[in-house]
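Before any comments, here is the structure.
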Amino acid sequence: MSAQCPDCSKDLDAADGDSAQAQPPWAPDEQLVPAILAGGRKRMADLALPDRAWVVAGLTLAGLTAEDIAERLRCSLRLVRSIKSLPLTRVCVYAQVETGNWINESRLASAALRTSELECARLSAELSRTRDKLNRMLDAHVVGTPVCGRCGTPWDRGNTYFEGTKRRCRNCNRLRQQAYRQRRRARAAELDAEQTPTGRDTCGGYESADVLVSTEGDGLRSRPEAAGSGAVTRAVRDDARPDR
């Protein structure tokens, strides 16, 4: 026997079924919990039951106690505890935890994929250089021109220079200079990272330690000399100054 409303004599079960069919499926609002954590003025009375379970689950995972949740949503502590005990709230907790884990795993997978792509590009470039070197060595072997044993470049007129009686390879020298410049740049970057910016007190365009001094009685005068990055003041005796 179905339940009927005492006022209008309608079938309550049928009404509930019609309203359930008319309502769209519920979907969680991903910005609801961050908005409340940021100080939003959302109240528990403004939320439907699924949204209440979602908010209570999210705030609990954020580290808030039941008292804090009740204060933020301006509701009673008993209502918060009753919502916490619902199976729907447990499902929301599980969904939010799994969503966070999936986001973290996807970030790690994206970083690993980017690293693999960079490594693949480096290996492809190395393979291309090795093939070019092998082709040069095969061509030199077929033609009969000797090649450098380190880089595989033929000992032609443009690639050869002499230091005394020793024959040198220009390509090998270029590679050594390139590696040396890269090491210098890396070392300079490390030194810049270690140094901290400091203020400089200036006086007339010079640093405070580089103020010019002029003495009339002892025949001394100072002049700044460039040394490194700053000017160093050196006092020198001017013996060649004409007599007064």
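The values are calculated or read from the model by the stated rules, or taken from the named source; none is laboratory data. Predicted, not measured: the structure shown is a model, and the values here were computed from it. Neighbour counts run over all protein chains shown; Cβ positions are idealised from the backbone, glycine included.
For the stretch 91-130, how many residues are under 21 Å from the mean Cα position of the chain (by Cα), within 30 Å of G149 (Cα to Cα) and of a type in the set (D, E)?
We begin by selecting, within the stretch 91-130, every residue under 21 Å from the mean Cα position of the chain (by Cα); these are 100-119.
Narrowing the set further to residues that are within 30 Å of G149 (Cα to Cα) leaves 118-119.
Filter once more, so that each one left must be of a type in the set (D, E): 119.
So the count comes out to 1.
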*Answer yes or no: is there a residue in the stretch 90-103 that is among the basic types (K, R) and under 30 Å from N171 (Cα atoms).*
no
*At least 3 residues that are of a type outside the set (A, V, I, L, M, F, W, C) in each: list the helices (runs of 4 or more DSSP H) lying fully within the stretch 19-90 that qualify.*
49-61, 66-73, 77-84
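Given the condition part of a helix (DSSP H, G or I) and aliphatic (A, V, I, L, M), answer yes or no: does some residue in the stretch 144-162 qualify?
Step one: list which residues in the stretch 144-162 are part of a helix (DSSP H, G or I), which gives none.
No, every residue in the stretch 144-162 fails to be part of a helix (DSSP H, G or I) and aliphatic (A, V, I, L, M).
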*If you take the residues in the stretch 27-44 that are loosely packed, with under 13 Cβ neighbours inside 10 Å and hydrophobic (A, V, I, L, M, F, W, C), which one is farthest from V97 (Cα to Cα)?*
A38
*Are there any pairs with C-beta distances below 8 angstrom linking a residue in the stretch 123-135 that is free of Cβ contacts under 8 Å to residues at least 24 places away in the same chain to a residue that is surrounded by 10 or more Cβ atoms within 10 Å (Cβ to Cβ) and small (G, A, S), with the two at least 6 apart or on different chains, and if so which?*
K133/G152; L134/G152
*Might you let me know whether the stretch 25-36 holds any residue that is of a type in the set (A, V, I, L, M, F, W, C), more than 18 Å from V93 (Cα to Cα) and over 29 Å from the mean Cα position of the chain (by Cα)?*
no
*Since R114 meets every condition but one in (1) under 25 Å from D29 (Cβ atoms); (2) among the charged types (D, E, K, R); (3) modelled with pLDDT of 90 or more, which condition does it not meet?*
(1)
*Looking at (1) modelled with pLDDT of 90 or more; (2) exposed (fewer than 15 other Cβ atoms within 10 Å of the Cβ); (3) closer than 30 Å to A45 by Cβ; (4) under 39 Å from the mean Cα position of the chain (by Cα), which is the only condition E71 fails?*
(1)
